[in-house]
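Structure record follows, encoded as structure tokens.
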Amino acid sequence: MGEQVVIGVDGGGTKTEAVVMNTSGHVRGGGLAGSSNHNSVGIEMAAVALRQVCRQALEQAGATMSDVVAICLCLAGAGRPRDQALVGDLGRAIHPFPRVLIYPDAVGALAAGTGQLLGVVLIAGTGTIALGYDHRGRSARAAGYGALLADYGGGFWIGMEALNAIVRAADGRGPQTALTERAL
């Protein structure tokens, strides 16, 4: 067994990134793959993305799965107990890690930006979410229910709004738009 390492994964609707760090906090490697949001791409594709980023990051770090003492999966779509259990199963399917931590991607973003769970994070990626924690550990959130359920301001929503404007223009229900030519 080589140097003990941990894996941190940030997975969203568009991409998944992983870093491997040693237990002193020094980054040793990283990886990049497609979406790992099981609600968007399905459980099988999410598993493929997670395996790929872990493999890449470990390879770059010169480490193996047996060197991993913990993995932290901060994934879009992992905010509810049922989803967290499913994501935990995904993590254990990759490798029987000694420790698997599971959080929504917004929690990972807040912790990365503030160094603690205190403050507010706004994510506008494929979808959107606002999440905040106060000094007592209480949390509140808005949005984050998926692109089909009004994640206003996210990439999916922006694309749908553009297509809706094009269709309204084509039907005569809306003004002509330069988006038509650009989309076609």
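The values are calculated or read from the model by the stated rules, or taken from the named source; none is laboratory data. Only a predicted model underlies this, so the values are computations on that prediction, with no experimental measurement involved. Counting neighbours? That spans all protein chains shown, and the Cβs are built from the backbone with ideal geometry, glycine included. Side chains are part of the model used for accessible areas, which takes the heavy atoms of the whole protein and leaves out ligands, DNA and RNA. Shrake-Rupley method; radii C 1.70, N 1.55, O 1.52, S 1.80 Å.
Extents of segment 1-53, largest first, come to 35, 19, 13 Å (Cα atoms, principal axes, whole angstrom).
Taking Cα atoms only, the orientation of helix 105-114 departs from the longest principal axis of the chain by about 70 degrees. For segment 33-138, the spread of Cα coordinates along the three principal axes comes to 38, 27, 24 Å, biggest extent given first. Projected over every direction and averaged, the convex hull enclosing the alpha-carbon atoms of the chain yields 12.6 nm². Dipole orientation for the chain: of the candidates Ala170, Cys74, Tyr145, Tyr145 has the Cα lying most toward the positive pole (charges on Cβ; Lys, Arg +1; Asp, Glu -1).
Between the amide H of Leu75 and those of Gly11, Tyr103, Asp105, distances stay under 5 Å, these residues lying 5 or more places away or on another chain, with hydrogens modeled in the peptide plane.
For segment 40-179, carbon and sulfur atoms together expose 59% of the accessible surface, with a 1.4 angstrom probe and every protein chain in place. Database remark: amide H of Gly174 closer than 5 angstrom to the amide H of Ala169 (H placed geometrically; neighbours at sequence offset of 5 or more, or on other chains; Pro and chain starts carry no H).
Solvent exposure of the chain, expressed per residue, is 56 Å² of accessible area, with all protein chains present and a 1.4 angstrom probe.
Applying the Karplus relation 6.51 cos²θ - 1.76 cosθ + 1.60 with θ = phi - 60° to segment 155-163 yields 3J(HN,Hα) values of x, 4, 4, 4, x, 5, 5, 4, 5 Hz, where x marks Gly and Pro.
Reported to the nearest whole Å, the Cα centre-to-centre distance from segment 9-82 to segment 109-129 is 18.
For segment 116-131, the Karplus equation 6.51 cos²θ - 1.76 cosθ + 1.60, evaluated at θ = phi - 60°, returns couplings of 6, 9, 8, x, 10, 10, 10, 10, 10, x, 4, x, 9, 7, 10, 9 Hz by residue, with Gly and Pro reported as x.
With both labels modelled 7 Å from their Cα along Cα-to-Cβ, the Gln176 to Ala140 distance reads 4.7 nm.
Measuring r between the beta carbons of Arg92 and Glu3 and using R0 = 25 Å, the FRET efficiency lands at 0.65.
Computed from Cα positions, the angle between helix 81-94 and the longest principal axis of the chain comes to roughly 60 degrees.
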